[in-house]
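Novice: Please read through the structure below; I'll follow up with questions.
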Amino acid sequence: MKFSELGLSPELLRAIADQGYTVPTPIQAKAIPLVMEGHDLMACAQTGTGKTAGFTLPILHRLAASKPSGRQHVRALILTPTRELAAQVAESVRDYGAHLAFKSLVVFGGVGIVPQIAALKKGVDILVATPGRLLDLAQQKAVDLSGIEILVLDEADRMLDMGFIHDIRRVIALLPKTRQNLLFSATFSDDIRALAGSFLVSPSYVESERRNTAPELVEQAVYRVDRERKRELLIELIKQNDWHQVLVFTRTKWGANGLAEKLTKAGIEASAIHGNKSQGARTRALGDFKNGELRVLVATDIAARGLDIEQLPFVVNYELPNVPEDYVHRIGRTGRAGASGKAVSLVCVDEDKLLRDIERLIKKSLPALTHPGFAVDATIAPQPIANRSTGQNKPQAAKVARNMGTKKRSVSSNHPDEARRLGATEKAREGEAKKPPRRSGSPERPMPKKTPGEQSAKTDHSAGQGRRQQRPFHSKAKATPKATRVSS
Ligand code: AMP
């Protein structure tokens, strides 16, 4: 199928051509016609599937096809869980709307609210926002949501994980009753279904190929290593194999900081990106990483979520995630758009169960390698892993662990959107063991029933099975940092 067969306006087709795209991705081919027809939609799609264009294009098409009702007001609202994702989505809106006369704006916390208020005053058609900042703006009567025609919840599962459920409900309460609703989520848990049931009206359901199957192009391997030798091994792997543009995942913020520091000391330019970093620091680190000045970006799951970095060649799981789905999200950072990538996990004895859970989810066992000189000491006993990061500096870690055990965590005041939730709701966000998602309360409307499609989304994890890569990852392939679409 070609984009031209979807019935999109000539201005949109031109913008698509400007981006160099000719063929819609599967989620785009399924979602675009349904959204253009005005249906509410539940879409199961992960980052990297082209989901953003999947909702942005038909929204622009619909808004262009209908006249706004007199008064200047926001017509489409796109809610995202993180600032980085908000910025990326806003950039997509700008790119795809390049030949249309819409005004779009992105608002999120961690940066001054005054310029956002001023921009809203000038009139905005399409608003991309994180929920916390949007509510702040609404409270200050700086934004009028009474004319919203289309609402999108992007990465709804992550929004629930981050404790945004009440904010989402508060935002929805500010919207007019009649509107089109789109919900995009990488997973469809009971909580997501409850949320969907509470505000979608007779939704259509579409799903993209699961990213669990996509890592066809990602070589995955596990290096077995002792807990205390991970850092040493990582430094050796990066240096020996001349890896560049390596995205390294740690479980905790302090682990990310500590590891970035140690890598830098070892002569490997590295920086950490996580929720306690100021927006400026995050944007800078990301920019340096993408233009090749930074060899390693150390990130937590939340910070990395939604980052659109094309052709990222290496992902390292310095620590396995507590939730197996996050493994799939992490390695989805590489092997995109037909490019091959490598995902390496450094696994110590404490993480055996996490590794089993991941292998069960992706339905294959990962080849286990031992790096010369890093033979595992079989006498080391496993330790519980919650709240512990092998990259952290110990005194700080001990202090944090003490704080978490005895009193409410203190949070950075740099980030109103996130700090509020970190302190008040989801301990699970960053730096702590992830808990199962909370129940989101009783739905206002009956929940949509599982469809055969959803069932298959759960079970279709098998593609790529049988493809085993036993060789170690020696690669001289330097990343060609490609233009990416992050900041705005
Ligand atoms: P998303 O899942 O929306 O984050 O998109 C992932 C990446 O796919 C982005 O870099 C998009 O620019 C790119 N992309 C979106 N649609 C297409 C398409 N039809 N063909 C090729 N690449 C695309």
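Novice: Just one of 110, 97 is of a type outside the set (Asp, Glu), in contact with a helix residue (DSSP H, G or I) (Cβ under 7 Å, 6 or more places away or on another chain) and on the phi > 0 side of the Ramachandran plot; which is it? Give the derivation first.
Specialist: Values: 97 fails: on the phi > 0 side of the Ramachandran plot.
Just one listed residue meets the conditions, 110.
Novice: crowded, with 22+ Cβ neighbours inside 10 Å and over 20 Å from the mean Cα position of the chain (by Cα) - does that describe any residue in segment 160-170?
Specialist: No, that holds for no residue.
Novice: On the given criteria, is residue 192 in a helix (DSSP H, G or I) and of a type outside the set (S, T, N, Q)?
Specialist: Details: in a helix (DSSP H, G or I): yes; of a type outside the set (S, T, N, Q): yes.
Criteria met by residue 192.
Listed here are the residues, each with its yes/no results for (1) modelled with pLDDT of 95 or more; (2) of a type outside the set (A, V, I, L, M, F, W, C); (3) under 21 Å from residue 349 (Cα atoms).
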site	(1), (2), (3)
225	yes, no, yes
237	yes, no, yes
264	yes, yes, no
268	yes, no, no
273	no, no, no
299	no, no, no
303	no, no, no
308	no, yes, no
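Novice: Got at least one residue in segment 73-81 being modelled with pLDDT under 90, within 12 Å of the ligand (Cβ to nearest atom), part of a loop (DSSP other than H, G, I, E, B) and within 23 Å of residue 207 (Cβ to Cβ)? Can you show your working first?
Specialist: We begin by selecting, within segment 73-81, every residue modelled with pLDDT under 90; these are 73.
Remaining after also requiring within 12 Å of the ligand (Cβ to nearest atom): none.
The answer is no, given that none of the residues of segment 73-81 is modelled with pLDDT under 90, within 12 Å of the ligand (Cβ to nearest atom), part of a loop (DSSP other than H, G, I, E, B) and within 23 Å of residue 207 (Cβ to Cβ).
Novice: Say whether the condition of being over 24 Å from the mean Cα position of the chain (by Cα), more than 25 Å from residue 277 (Cβ to Cβ) and at pLDDT below 80 is met by at least one residue in segment 328-345. Give the steps one after another, and end with the answer.
Specialist: Step one: filter segment 328-345 for residues over 24 Å from the mean Cα position of the chain (by Cα), giving none.
No, the conditions are met nowhere in segment 328-345.
Novice: Then there's this: Could you please give the count of residues in segment 48-72 that are closer than 22 Å to residue 188 by Cβ, within 11 Å of the ligand (Cβ to nearest atom) and buried (at least 24 other Cβ atoms within 10 Å of the Cβ)?
Specialist: Of the residues in segment 48-72, 7 are closer than 22 Å to residue 188 by Cβ, within 11 Å of the ligand (Cβ to nearest atom) and buried (at least 24 other Cβ atoms within 10 Å of the Cβ).
Novice: Which of (1) within 24 Å of the chain's Cα centre (by Cα); (2) among the hydrophobic types (A, V, I, L, M, F, W, C); (3) more than 9 Å from the ligand (Cβ to nearest atom); (4) surrounded by fewer than 24 Cβ atoms within 10 Å (Cβ to Cβ) is the odd one out, the single condition residue 16 does not satisfy?
Specialist: Of (1) within 24 Å of the chain's Cα centre (by Cα); (2) among the hydrophobic types (A, V, I, L, M, F, W, C); (3) more than 9 Å from the ligand (Cβ to nearest atom); (4) surrounded by fewer than 24 Cβ atoms within 10 Å (Cβ to Cβ), only one is false for residue 16: (3).
Novice: I've got another one for you. Are there any pairs with C-beta distances below 6 angstrom linking a residue in segment 278-293 that is of a type in the set (Lys, Arg) to a residue that is assigned to a loop (DSSP other than H, G, I, E, B), with the two at least 6 apart or on different chains, and if so which?
Specialist: Taking only residues 6 or more apart or on different chains, the pairs are 290/481; 290/484.
Novice: Do we find that residue 130 is within 20 Å of the chain's Cα centre (by Cα), more than 16 Å from the ligand (Cβ to nearest atom), surrounded by 24 or more Cβ atoms within 10 Å (Cβ to Cβ) and touching a residue at least 40 places away in the same chain (Cβ under 8 Å) in this structure? I'd like the intermediate steps shown before the answer.
Specialist: Working: within 20 Å of the chain's Cα centre (by Cα): yes; more than 16 Å from the ligand (Cβ to nearest atom): yes; surrounded by 24 or more Cβ atoms within 10 Å (Cβ to Cβ): yes; touching a residue at least 40 places away in the same chain (Cβ under 8 Å): yes.
It is true that residue 130 is within 20 Å of the chain's Cα centre (by Cα), more than 16 Å from the ligand (Cβ to nearest atom), surrounded by 24 or more Cβ atoms within 10 Å (Cβ to Cβ) and touching a residue at least 40 places away in the same chain (Cβ under 8 Å).
Novice: Being farther than 23 Å from residue 282 by Cα and of a type in the set (S, T, N, Q), is that true of even one residue in segment 68-85?
Specialist: First, the residues of segment 68-85 that are farther than 23 Å from residue 282 by Cα: 68-77.
Now narrow it down to the ones that are of a type in the set (S, T, N, Q): 69, 72.
Yes, segment 68-85 contains at least one residue that is farther than 23 Å from residue 282 by Cα and of a type in the set (S, T, N, Q).
Novice: Regarding residue 98, is this residue among the hydrophobic types (A, V, I, L, M, F, W, C), closer than 30 Å to residue 329 by Cβ, within 16 Å of the ligand (Cβ to nearest atom) and not in a loop (DSSP other than H, G, I, E, B)? Before you say what the answer is, go through the steps one by one.
Specialist: On the way: among the hydrophobic types (A, V, I, L, M, F, W, C): yes; closer than 30 Å to residue 329 by Cβ: yes; within 16 Å of the ligand (Cβ to nearest atom): yes; not in a loop (DSSP other than H, G, I, E, B): no.
Taking the combined requirement at face value, the residue does not satisfy it.
Novice: Quick check on my filter: what residues within segment 1-12 are away from the ligand (no atom under 12 Å from the Cβ) and either among the β-branched types (Val, Ile, Thr) or not in a loop (DSSP other than H, G, I, E, B) (or both)?
Specialist: 4, 5, 10, 11, 12
Novice: Among the numbered criteria (1) in contact with a Gly (Cβ under 9 Å, 6 or more places away or on another chain); (2) within 24 Å of residue 31 (Cβ to Cβ); (3) not in a helix (DSSP H, G or I), which single criterion is violated by residue 56?
Specialist: (3)
Novice: Looking at (1) in a strand (DSSP E or B); (2) over 21 Å from residue 348 (Cβ atoms); (3) at pLDDT below 95, can you tell me which one residue 182 breaks?
Specialist: (3)
Novice: Moving on. Need pairs with beta-carbon distance below 7 Å; first residue closer than 11 Å to residue 57 by Cβ and within segment 14-28, second within 6 Å of the ligand (Cβ to nearest atom) and of a type in the set (Gly, Ala, Ser); sequence gap 6+ or separate chains.
Specialist: 28/50; 28/53
Novice: Any chance you could count how many residues in segment 25-45 are within 7 Å of the ligand (Cβ to nearest atom) and surrounded by fewer than 24 Cβ atoms within 10 Å (Cβ to Cβ)?
Specialist: Selection size over segment 25-45: 1.
Novice: List the number of the failed condition for residue 314; all other conditions in (1) modelled with pLDDT of 85 or more; (2) out of contact with any helix residue (DSSP H, G or I) (no Cβ under 9 Å at 6 or more places or on another chain) hold.
Specialist: Looking at each condition in turn, residue 314 falls short on (2).
The values are calculated or read from the model by the stated rules, or taken from the named source; none is laboratory data. Everything quoted here is computed from the prediction, not taken from an experiment. All Cβ positions, even for glycine, are placed from backbone atoms using ideal geometry, and neighbour counts span all protein chains on display.
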